[in-house]
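The values are calculated or read from the model by the stated rules, or taken from the named source; none is laboratory data. Remember, it's a predicted structure, so these values are computed and weren't measured experimentally. Counting neighbours? That spans all protein chains shown, and the Cβs are built from the backbone with ideal geometry, glycine included.
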Amino acid sequence: MRLVKKFAAGVLLLLGITLSLALIADILDPETDRPGDSVAALVLFGLPPIALSGLLIHSLRQQHQANEQKSDREVEQLFLAEIQANDGVVSPIIFATKADLSIEDAKTYLDEKAVQLNGLYEATESGGITYRFPI
């Protein structure tokens, strides 16, 4: 559905701008017999496609923001579940796997949470890092 909206918005925007530019050129042409007809055509056929494409783009932007918020909540829930399941200890690799994030994104997320929740960094015997959060 998003692909259809993107395609429709692009086509409507292209059509609206092309038609509007042609009609504006006709209105500004001093040799035009009846510029009022071009103005009416601009209002009826040039501007509505531009407005509809704007509405579609706005709808796509809202949908994208809603998906980002949902994704952020899901990552937060996975983080909290991981803390509860492991007595406050979280490994970046395991968290990245469960949250479907890159290891760098998981480390960044865990670093932010460590600052926010007064978590600690701990080095493991194998040279890795784990995060310990107070429960």
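Per-structure values
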quantity	calculated
Subset of region 24-49 [touching a Ser or Thr at 6+ places or on another chain (Cβ under 7 Å) and part of a helix (DSSP H, G or I)]	Asp26, Ile27, Ser38, Leu42, Gly46, Leu47
Ala81 being without any contact (Cβ under 8 Å) to a residue 24 or more places away in the chain, touching a strand residue (DSSP E or B) at 6+ places or on another chain (Cβ under 8 Å) and not assigned by TED's automatic domain parsing to the domain that holds Lys5	no
Complete set of residues in region 78-111 that are loosely packed, with under 12 Cβ neighbours inside 10 Å and within 18 Å of Glu68 (Cα to Cα)	Ser102
Residue identified as within 26 Å of the chain's Cα centre (by Cα), loosely packed, with under 15 Cβ neighbours inside 10 Å and in a helix (DSSP H, G or I) among Leu52, Leu14, Leu21	Leu14
Any chance Asp33 is of a type outside the set (A, V, I, L, M, F, W, C), loosely packed, with under 13 Cβ neighbours inside 10 Å and farther than 30 Å from Lys6 by Cα	yes
